[in-house]
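The values are calculated or read from the model by the stated rules, or taken from the named source; none is laboratory data. A quick note: this is a predicted structure, and the numbers were derived from the prediction, not measured. Heads up, the Cβs are rebuilt from the backbone with ideal geometry, glycines too, and the neighbour counts pull from every protein chain shown.
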Amino acid sequence: MTNEINPRNPISRRKFLAGGAMLGGGLAAAAVAPAAGSDDGGQRRGNAILNSGRPDADYDLAKAENTLYSACLQCNTGCGIKCKVQDGVVVKIDGNPYNPWTLVPHLPYATSFDDALPVDGAICPKGQAGLQTAYDPYRLRKVLKRAGKRGENKWVTIPFADAVAEICEGGTLFKDVPGEENRHVDGLRALMALTDPALAEQMAADVKAIWDEREKAKKIARVAEFKNRYAAHLDKLIDPDHPDLGPKNNQIVLAWGRLKDGRGDFYKRFAAALGTTNAHGHTTVCQGSLYFTCKAISEQYAGGKFSDGQKFYWQADTENAEFILFVGANLFEANYGPPNRSARLTQNLVSGRTKIAVADPRFSKLASKAWKWLPLRPGTDAALAMGMIRWIVEEKRFDARFLACANKAAAAAAGESSWCNATWLVAIKDGVPGKFVRAADLLIDGQPLKVAEKRRTNDGKEFEERFLVVMAGGKPIAIDPNDEQTPVFGDLFVDTALPDGTLVKSGLQILFESASAHTVDEWSEMAGVEPRTLIEVAHELTAHGKRAAVDIHRGSAQHTNGFYNVLAWMSVNILLGNCDAKGGMIAASTWDTKGKGGLFKLDAHPGKTTAFGVSSIRHGVDYEKTTLFAGYPAKRNWYPLSSDVYEEIIPSMADAYPYPVKALFMYMGAPTYSLPAGHTNIETLCDTAKVPLFVASDILIGATSMYADYIFPDTSYLERWEFQGSHPNLANKVQPVRQPVMAPIPEECTVFGQRMPISLEAMILGVAERLRLPGFGDQGFGPDLPLRHPDDLYLRGVANLAFGEKPDGSQSVPDANGREIEIFLQARRHLPSSVFDPERWKTIVGATMWPKVVYVLNRGGRFEDHALGYKGDRIAHPYAKLLNLYQEKTAGVIHAGTGQHHPGYACYLPILDFAGEKPDELRKGYDLALITHRVITQTKSRTIANAWLSAILPENGILIHPADAARLGFHNGETVKVVSATNPDGAWPLGAGRRKPMEGKLVVTQTVRPGVVSFALGFGHWATGASDVTIDGHVIKGEARRAAGIHANAAMWTDPTLKNTCMLDPVGGSVSFYDTMVRLVKV
Amino acid sequence: MAMTRAEFVKATILTGAAAAVLSGAARRSRRRTDYGDPAGEETVREIQALSAVKADESEDLLLTMQRDLARAMGKPAERRQWGMVIDRRKCVGCHACTIGCVSENKLPPGVVYRPVLTEESGRFPDPRMQFTPRPCMQCRTPPCVPVCPVNATWKRADGVTVVDYDKCIGCRHCLTACPYGARTSDFGHSYRAGAALGAGKDVDGALQGRAASYEEQPNHEYGKAWSRAKHGSPIGNARKCHFCLHRLEAGQLPVCVTTCIGRATYFGDLNDDMAVITRLVRRERAEQLLAHRGTDPSVYYIS
């Protein structure tokens, strides 16, 4: 309340209120004359809304010169955003109507800026609150250096250049910190032992030869040869006895949380320039096994083996499907994502065009609109799927025509674009499916079914094509899966012996037998779903032709059996034959920015050193091939089929397996908070012996960066560039561009003679300048193609996007006209020249591309028009390749914990630890299954800064069914602590003697399955502004609001064998988010 | 048990408000009716929006409604009758409208024009969840208007009940008069007040601190500039939804409409037979909240 005299009201408020009180409230009203202002007849009325003494004001937010389009990153859905600037400040964020995420259909790309201007697309509350991320009072402006123990949150500010120098040169950097007076830290210069590109390339080839050698004795001999050959260079290796660990450069690890293209190019270029093979992302904490199962499904038969699988996945065509079964996916709150998918679904649900079912232990908002809710038991996804598969096969309700297509020609003949290997024959040894039969190996009357052919791979290597085999009409015939001439349709169910006695089964037969391990009733019982419901949903799935799909997300993937849960559901989709069909499963399609059209080759990296060796997370190579092979179980898991295994990055350092790490960089990552059992990471990060140098790039002091030695302030998503890419629920080919829309918060620095805000890029460029790293500086991309400023990469990327993917430029976007260029310049008038300098920008892309670059940036990216996403009943940008229903490559991989081969087909596996044991010991005495869910107002670690969102849901709670609450004597709103066998204390050990109990309020609700408790991610912070920090001796108080609620990840099981990380999926790499049993304790 | 449709429209629980203090809220106002609102030719707007984007049956509902809006703005204000329909079947409970409104109107903590209420009902394994956005109902007989002692709030000819903050004295009578709880008081709070204490406002510091940013910018309600910087209006005033009149002037739909990711909120001129909203109100069973109160809302619900 104010006591100020209102100039337009003769009575002060206080005076009036006082009077009003005396006179008895409302009765006072009549005594008061109408305030001045209603009779200002002569005044200009710009808006003609309210006649009053207060002058009319322009609506700044509707003006072209205050409007910039970009891409959100409040979550990774990355919706197109329309940022509205008022007096230099971003005050409102809406949806970009050119972008298909926020308007359906989106505006035609050719729509002029002025025509599009009044249209606001729809984005979610987080997206709108994003400006509170950018203007967060806790945003860092200067580089911080640790001035206390790790985790103590004591810092000093340090000039940017000094921080760069210290990281590069090392020394007793923390001599002022008690206990570290004499601790020497190796700098990057010392860790970059191998910098000779030719030498590195030779060594890499010889390491590959060691790996390719199968015989143990010969392998040992090859290592000896290696040591002889490189005797003068052994000091450059981590361990000369294990040359396949690679050079010491590998002891630099670059990790990240959320990294998109563009910035990804920058960061990965940095890794390449440092010569380390260790650049690891966070995929497995999100839905890794969804990605890596789909990678395994997408492995292509080439050169006689399976390779080139894509790290990607499919989603349902929300806009056109008639029926979708969502499993562990909640597209109203997450699931990539609410704005794009909700807008495509709600009207269809109301009109009856689309029907959905939702399988989830929790009744989500999505489930509230569903025809059926299947409250399945956590971790039993595959049981539910196998039950459906059994029913679908027995009822013959699968797409037989699609499944029979054994090669590409058959797919074309059947009107399909993709085909699968359901009919290919798999050899069965001792009852176990192994490799596909090769036609050249199958002798009939002494003659091979088909003689092997000498062929060359796409990259020119000679190989022997031995062909595969299907049964057609009961007779074996040889096939080339990629043959486009001769269609082959195979027999679907084969279980027989070939003439040479080999027992074989078709892939579909193997799947059916796997599904036949139990009856439908038994599968239903395991999944905790009524058999009748299972059948009803399976019936509906198979009643819409190709316009039905199973759409899954992390609910299926984030279990120890995640890979097989995903494979089971994707097998259902393959049975439906819905790949590439309108209303079926679609893959994302994005425009290139790296120079496919030949304009600017942003992949060019002159002088880079070939990185080689086992990665610090042991991915991409078979354990058995390496010199570290020492039987089973291995010390930790190996990941030949996956990558970006987040839960291995820091715990592997703790075990120094495969080798010790000397320097860790973390960009936009909070593994301590985000990972299940993330507290295990804290212990390691606090140990300077295990992590000698830790550098973080963060916009504030975050849940993981608080343990760093240096924090470089970063620009937020509203201050920087990136290419957001797409999601597989969008049929159109797109590429949204994230670009600076506000002046940067961090202070400026100078690198390579250029002014720029301190940021991830500045940190990289600073190190690159000091260490003269190849691929940066005046010749960064090649002669006359410098990389001295972030603009050098990003603007050329935008130019590539504007140019298109054809070398003749025929895919170029139009030129922006004079009006659009004027708007473009005006709308950036609030940006400093270190960010926006039209002359610099124009010079970088060249005068010809400049108006095209403006055209793209004025629209927030490049977006194909809506109608072009489909061709009749098909997707216009199809996957159009082989789908592996049976996976020879997966079946060839051995579980490093058990020594057993992984199954190559969909099956139900129970929850298992790394040793392959059921965690029954951990379950004893813990009666509630702990799961998590998402609320639309929070994105894991980074949205708590947004006070508007806290107003919607100030704190999360622990959802519990009334029956459980009653059984345990709990009531709604009661505070309880979450404990588990691996965290009986029920607290986060935060390091430096601090702890945070895992306590939250119970929410008693019918919306969760009995026996299951759930909490929403994104609350219960201990950093990110939630705790006090000391900088340069000043205490900056934490905000209690940010600490509210519970984050119970630390209760999630630590693997009983590995001990320093969570339980995990040994195949797809996913962390186990939903397998832990807990107990709730009264506080 | 799930709430029936009849129960829903009578359920005061959904309004989030204490029951209205004034019974007979719909009694006729004896107060002045001429507030000198702009009318006639000066309110006619020729809006060019989307003129070059071909209308299409399959276009986004937002575009169709924007075309409806442009048509309505081509008439004098007194011939428009703004209305809203909220299709609860399509509402996904995301609160995009709530936050959109807070952001658009720079609402401080405690001031909310458009909450979304979530209700759970039923029992496992058949629970139900329903979402109800609750804007100002823009009643045709608004109980909040006659109780104002200073004539600071009134109903415009186009159906929108407005507040002139410069006249409002913050007595809160209108808050209690509204049976929907659609009005809240602005106590001058800041969303950043509790953050980074100790960091100061020193822009050369290590942290951003509470340096001036979005909250300090004036908002645009009623086509005016309302700055919070000097604790002037609307601090201390009653505040409420106004269908984003300032956006309508610019040819833009209310922000709760454009932010609706489920496309559950319909808006337009109920005097326009061609408008999406008019057709919808006639076709579907559109109901008013607490209709028995006689407030005759311009906001309708489909359930």
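Among the residues of region A:921-955, what is the count of those that are at pLDDT 95 or above and away from chain B (no Cβ under 14 Å)?
Count: 13.
Considering region A:1039-1075 alone, what residues qualify as being within 14 Å of chain B (Cβ to nearest Cβ) and assigned to a helix (DSSP H, G or I)? Break it down into steps so the answer makes sense when it comes.
The initial filter retains those residues of region A:1039-1075 that are within 14 Å of chain B (Cβ to nearest Cβ), namely A:1039-1044.
Scanning region A:1039-1075 gives A:Ala1040, A:Arg1041, A:Arg1042, A:Ala1043.
Could you check how many residues of region A:243-265 are within 19 Å of A:Ala190 (Cβ to Cβ) and in a helix (DSSP H, G or I)?
Step one: list which residues in region A:243-265 are within 19 Å of A:Ala190 (Cβ to Cβ), which gives A:245-254.
If we keep only those that are in a helix (DSSP H, G or I) as well, we get A:245, A:248-251.
Residues flagged as within 19 Å of A:Ala190 (Cβ to Cβ) and in a helix (DSSP H, G or I) within region A:243-265 amount to 5.
Quick check on this structure: which one of B:Leu22, B:Leu14, B:Leu117, B:Leu61 is at pLDDT 95 or above and more than 8 Å from chain A (Cβ to nearest Cβ)?
Working: B:Leu22 fails: at pLDDT 95 or above; B:Leu14 fails: at pLDDT 95 or above; B:Leu61 fails: more than 8 Å from chain A (Cβ to nearest Cβ).
Being at pLDDT 95 or above and more than 8 Å from chain A (Cβ to nearest Cβ) holds for just one of B:Leu22, B:Leu14, B:Leu117, B:Leu61, which is B:Leu117.
Looking at B:Lys155, B:Lys106 in this structure, which one is more than 9 Å from chain A (Cβ to nearest Cβ) and under 22 Å from B:Trp226 (Cα atoms)?
Details: B:Lys106 fails: more than 9 Å from chain A (Cβ to nearest Cβ).
Testing whether each residue is more than 9 Å from chain A (Cβ to nearest Cβ) and under 22 Å from B:Trp226 (Cα atoms) leaves just B:Lys155.
Select from region A:465-487 the residues that are in a loop (DSSP other than H, G, I, E, B), of a type outside the set (Lys, Arg) and in contact with an Asp or Glu (Cβ under 9 Å, 6 or more places away or on another chain) and write down the one among them that is surrounded by the most Cβ atoms within 10 Å (Cβ to Cβ).
Narrowing region A:465-487 to residues in a loop (DSSP other than H, G, I, E, B): A:466-467, A:473-474, A:480-487.
So of that shortlist, the ones also of a type outside the set (Lys, Arg) come out as A:467, A:473-474, A:480-487.
Still in the list and also in contact with an Asp or Glu (Cβ under 9 Å, 6 or more places away or on another chain): A:467, A:473-474, A:480, A:486.
Details: A:Phe467: 24, A:Gly473: 8, A:Gly474: 8, A:Asp480: 21, A:Thr486: 12.
Filtering region A:465-487 for residues that are in a loop (DSSP other than H, G, I, E, B), of a type outside the set (Lys, Arg) and in contact with an Asp or Glu (Cβ under 9 Å, 6 or more places away or on another chain), the one surrounded by the most Cβ atoms within 10 Å (Cβ to Cβ) comes out as A:Phe467.
Working only within region B:62-74, note down all residues that are within 19 Å of the chain's Cα centre (by Cα) and hydrophobic (A, V, I, L, M, F, W, C).
B:Leu62, B:Met65, B:Leu69, B:Ala72, B:Met73
So which of A:Thr1030, A:Thr1007 ends up being in contact with an Asp or Glu (Cβ under 8 Å, 6 or more places away or on another chain) and within 11 Å of another protein chain (Cβ to nearest Cβ)?
Numbers: A:Thr1030 fails: in contact with an Asp or Glu (Cβ under 8 Å, 6 or more places away or on another chain).
On inspection, the qualifying residue turns out to be A:Thr1007.
What strands (runs of 3 or more DSSP E) completely inside region A:266-344 contain at least 2 residues that are farther than 21 Å from A:Glu888 by Cβ? Spell out how you get there, then give the answer.
Working: elements: A:300-302, A:305-307, A:323-327.
Qualifying strands (runs of 3 or more DSSP E): A:323-327.
Say whether the condition of being more than 16 Å from A:Ser674 (Cα to Cα), small (Gly, Ala, Ser) and surrounded by fewer than 24 Cβ atoms within 10 Å (Cβ to Cβ) is met by at least one residue in region A:1007-1022.
Of region A:1007-1022, the ones more than 16 Å from A:Ser674 (Cα to Cα) are A:1007-1013.
Keeping just the survivors that are small (Gly, Ala, Ser) gives A:1011.
Those left that are additionally surrounded by fewer than 24 Cβ atoms within 10 Å (Cβ to Cβ): A:1011.
Yes, some residue in region A:1007-1022 is more than 16 Å from A:Ser674 (Cα to Cα), small (Gly, Ala, Ser) and surrounded by fewer than 24 Cβ atoms within 10 Å (Cβ to Cβ).
Could you tell me whether any residue of region A:126-142 is part of a loop (DSSP other than H, G, I, E, B), within 14 Å of chain B (Cβ to nearest Cβ) and surrounded by fewer than 19 Cβ atoms within 10 Å (Cβ to Cβ)? Let's see the steps before the verdict.
Quick first cut of region A:126-142, residues part of a loop (DSSP other than H, G, I, E, B) only: A:135-139, A:141-142.
With within 14 Å of chain B (Cβ to nearest Cβ) added as a condition, the list becomes A:135-139, A:141-142.
Restricting the remaining residues to those that are surrounded by fewer than 19 Cβ atoms within 10 Å (Cβ to Cβ) gives none.
Within region A:126-142 (the criterion being part of a loop (DSSP other than H, G, I, E, B), within 14 Å of chain B (Cβ to nearest Cβ) and surrounded by fewer than 19 Cβ atoms within 10 Å (Cβ to Cβ)), the answer is no, since none of the residues qualifies.
Name the single residue that is surrounded by the most Cβ atoms within 10 Å (Cβ to Cβ) among those in region A:95-122 being touching a strand residue (DSSP E or B) at 6+ places or on another chain (Cβ under 7 Å) and facing another protein chain (nearest Cβ under 7 Å).
The initial filter retains those residues of region A:95-122 that are touching a strand residue (DSSP E or B) at 6+ places or on another chain (Cβ under 7 Å), namely A:95-103, A:106, A:109, A:117, A:120-122.
With the extra rule that they be facing another protein chain (nearest Cβ under 7 Å), the set shrinks to A:103, A:120, A:122.
Values: A:Leu103: 28, A:Asp120: 29, A:Ala122: 33.
Residue satisfying both the conditions and the ranking: A:Ala122.
Among the candidates A:Gly88, A:Gly78, which residue alone is within 24 Å of B:Gly232 (Cβ to Cβ), more than 7 Å from chain B (Cβ to nearest Cβ) and in contact with a His (Cβ under 9 Å, 6 or more places away or on another chain)?
Being within 24 Å of B:Gly232 (Cβ to Cβ), more than 7 Å from chain B (Cβ to nearest Cβ) and in contact with a His (Cβ under 9 Å, 6 or more places away or on another chain) holds for just one of A:Gly88, A:Gly78, which is A:Gly88.
When you check A:Thr380 against the structure, is it crowded, with 23+ Cβ neighbours inside 10 Å and either charged (D, E, K, R) or within 10 Å of chain B (Cβ to nearest Cβ) (or both), yes or no? Even if it seems obvious, please write down each step before you answer.
Details: crowded, with 23+ Cβ neighbours inside 10 Å: yes; either charged (D, E, K, R) or within 10 Å of chain B (Cβ to nearest Cβ) (or both): no.
Criteria not met by A:Thr380.
Suppose the filter is at pLDDT 95 or above and surrounded by 24 or more Cβ atoms within 10 Å (Cβ to Cβ); does A:Leu801 pass it? Walk me through how you get there before you give the answer.
On the way: at pLDDT 95 or above: yes; surrounded by 24 or more Cβ atoms within 10 Å (Cβ to Cβ): yes.
So A:Leu801 fits the description; yes.
Given the structure, is B:Ala206 in contact with a Phe, Trp or Tyr (Cβ under 8 Å, 6 or more places away or on another chain), at the interface with another protein chain (Cβ under 7 Å from one of its Cβ atoms) and touching a residue at least 12 places away in the same chain (Cβ under 8 Å)?
Working: in contact with a Phe, Trp or Tyr (Cβ under 8 Å, 6 or more places away or on another chain): yes; at the interface with another protein chain (Cβ under 7 Å from one of its Cβ atoms): yes; touching a residue at least 12 places away in the same chain (Cβ under 8 Å): no.
Against the criterion (in contact with a Phe, Trp or Tyr (Cβ under 8 Å, 6 or more places away or on another chain), at the interface with another protein chain (Cβ under 7 Å from one of its Cβ atoms) and touching a residue at least 12 places away in the same chain (Cβ under 8 Å)), B:Ala206 does not qualify.
Quick check: is even one residue across region B:255-268 at the interface with another protein chain (Cβ under 7 Å from one of its Cβ atoms), crowded, with 21+ Cβ neighbours inside 10 Å and without any contact (Cβ under 8 Å) to a residue 60 or more places away in the chain?
no
Taking the options A:Val1029, A:Val1012, name whichever one is modelled with pLDDT of 95 or more, within 26 Å of A:Asn946 (Cβ to Cβ) and of a type in the set (A, V, I, L, M). Reasoning before the result, please.
Numbers: A:Val1012 fails: within 26 Å of A:Asn946 (Cβ to Cβ).
That would be A:Val1029, the only listed residue that is modelled with pLDDT of 95 or more, within 26 Å of A:Asn946 (Cβ to Cβ) and of a type in the set (A, V, I, L, M).
Considering only region A:244-303, state which residues are under 27 Å from A:Val223 (Cα atoms) and within 16 Å of the chain's Cα centre (by Cα).
Our first condition is that a residue be under 27 Å from A:Val223 (Cα atoms); within region A:244-303, this holds for A:244-253, A:271-279.
Result: A:Ala279, single match.
Looking at B:Gln252 and the list (1) surrounded by fewer than 24 Cβ atoms within 10 Å (Cβ to Cβ); (2) touching a helix residue (DSSP H, G or I) at 6+ places or on another chain (Cβ under 7 Å); (3) within 12 Å of another protein chain (Cβ to nearest Cβ), which single condition is not satisfied?
(1)
Looking at A:Leu498, is it in contact (Cβ under 8 Å) with a residue 12 or more places away in the chain and either touching a Pro at 6+ places or on another chain (Cβ under 7 Å) or of a type in the set (D, E, K, R) (or both)? Don't jump to the end; show me each part of the working.
Values: in contact (Cβ under 8 Å) with a residue 12 or more places away in the chain: yes; either touching a Pro at 6+ places or on another chain (Cβ under 7 Å) or of a type in the set (D, E, K, R) (or both): yes.
Criteria met by A:Leu498.
Looking for whichever is part of a loop (DSSP other than H, G, I, E, B), within 18 Å of B:Val299 (Cβ to Cβ) and among the hydrophobic types (A, V, I, L, M, F, W, C) here; the options are B:Cys174, B:Cys148, B:Cys144. Which one fits?
None of the other options fit; the residue is B:Cys144.
For region A:260-288, give me each residue that is out of contact with any strand residue (DSSP E or B) (no Cβ under 7 Å at 6 or more places or on another chain) and of a type in the set (Lys, Arg). Break it down into steps so the answer makes sense when it comes.
First, the residues of region A:260-288 that are out of contact with any strand residue (DSSP E or B) (no Cβ under 7 Å at 6 or more places or on another chain): A:264-266, A:269, A:272-273, A:277, A:283, A:286-288.
The one that is out of contact with any strand residue (DSSP E or B) (no Cβ under 7 Å at 6 or more places or on another chain) and of a type in the set (Lys, Arg): A:Arg269.
For region A:868-965, give me every one of the helices (runs of 4 or more DSSP H) that falls completely inside it and has 1 or more residues that are touching a helix residue (DSSP H, G or I) at 6+ places or on another chain (Cβ under 9 Å) and either assigned by TED's automatic domain parsing to the domain that holds A:Gly1045 or acidic (Asp, Glu) (or both).
Details: elements: A:888-891, A:920-923, A:947-952.
Helices (runs of 4 or more DSSP H) meeting the threshold: A:947-952.
Would you confirm, using the coordinates I've provided, whether B:Gly223 is under 25 Å from A:Ala947 (Cα atoms), facing another protein chain (nearest Cβ under 7 Å) and buried (at least 21 other Cβ atoms within 10 Å of the Cβ)? Give the steps one after another, and end with the answer.
On the way: under 25 Å from A:Ala947 (Cα atoms): no; facing another protein chain (nearest Cβ under 7 Å): yes; buried (at least 21 other Cβ atoms within 10 Å of the Cβ): yes.
No; evaluated as a whole, the condition is false for this residue.
Of everything in region A:771-799, what is of a type in the set (A, V, I, L, M, F, W, C) and either on the phi > 0 side of the Ramachandran plot or assigned to a helix (DSSP H, G or I) (or both)? Give them in sequence order. Quick ask: steps written out before the conclusion?
Kept after step one, since they are of a type in the set (A, V, I, L, M, F, W, C), are these residues of region A:771-799: A:771, A:773, A:776, A:781, A:785, A:787, A:793, A:795, A:798-799.
Result: A:Leu771, A:Leu793, A:Leu795, A:Val798, A:Ala799.
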